[in-house]
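Input: a single structure, listed below in structure tokens.
Coordinate-derived values only; no laboratory data. Predicted model, so just to flag it, every value in this text is computed and none were measured. Cβ sites come from the backbone with ideal geometry, for glycine too, and all protein chains shown count toward neighbours.
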Amino acid sequence: MYLFQIFNNSSSYSTLLIVVTAIVGDYVVAYSKLHVFQALFDNATHFTIGGLCWFIVCLHSNSRGVGSTRKIVEIACCSLLSSLIDVDHFVEAKSISLKNATNLKRRPFLHCSTIPILLCSILLLISYASDNGTMKRVSLIIWTAFASHHTRDATRRGYWFYPFGSSPAIPYAFYIALTCILPYSVVFLDRYISISSHYDALDTIII
Ligand SMILES: [Zn+2]
């Protein structure tokens, strides 16, 4: 009961931390004078929100056989992926110059929401069909990282669903609400797609 209370509190604090990180991160980005600091704080905000989202998933998901070390590695992976998505700016610009990377004529490919939707749906279907718990967890990490990143970016440019076009930019409060709901929707998906196999195999590799 006491343990449940701790988990419940951790979850509430983490959700609150998502809200604070989002607002403070955007405030710092908006008021940073140097372009390089804007980019760094923007990326750090993506990194932190992605990690917090997966932290909440770890608190609630059916993680039978998933050890603490593996959860920490997963949180780090989700954070890293959330921030690395912006690497496509440099790929698209074919340059390592920040100025070139942030002045693109079109949106870079990893910002297309059709990619994670298709990729994660296929991976989830395969993991369900093959009863592969590790693949399911990896696909949910990929989904959490992309969904948190794209939702934050959607406040400026909307969601991009190639080949159907883009949505309008979403209101700021809607972005905050969607980001807070994201980890809980992933927990629901995790429980809904029931897989009987344990995660022990990967745990022994990581530990
Ligand atoms: Zn981005």
Check: the chain dipole with +1 on Lys, Arg Cβ and -1 on Asp, Glu Cβ, in debye: 420
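If R₀ is 22 angstrom, what is the calculated FRET efficiency for the pair Ile115 and Ile181, using the beta carbon separation as r and rounding to 0.05?
0.55
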Equivalent ellipsoid, segment 2-206 (semi-axes from 5 times Cα gyration tensor eigenvalues, Å): 30, 20, 16
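Name the longest site-free stretch of the chain, where the excluded sites are trypsin sites (Lys or Arg not before Pro) in a DSSP loop with no more than 11 other beta-carbon atoms within 10 Å.
The segment 107-207 is the longest one with no such site.
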Folded to 0 to 90 degrees: helix 133-157 orientation relative to the chain principal axis, Cα: 30
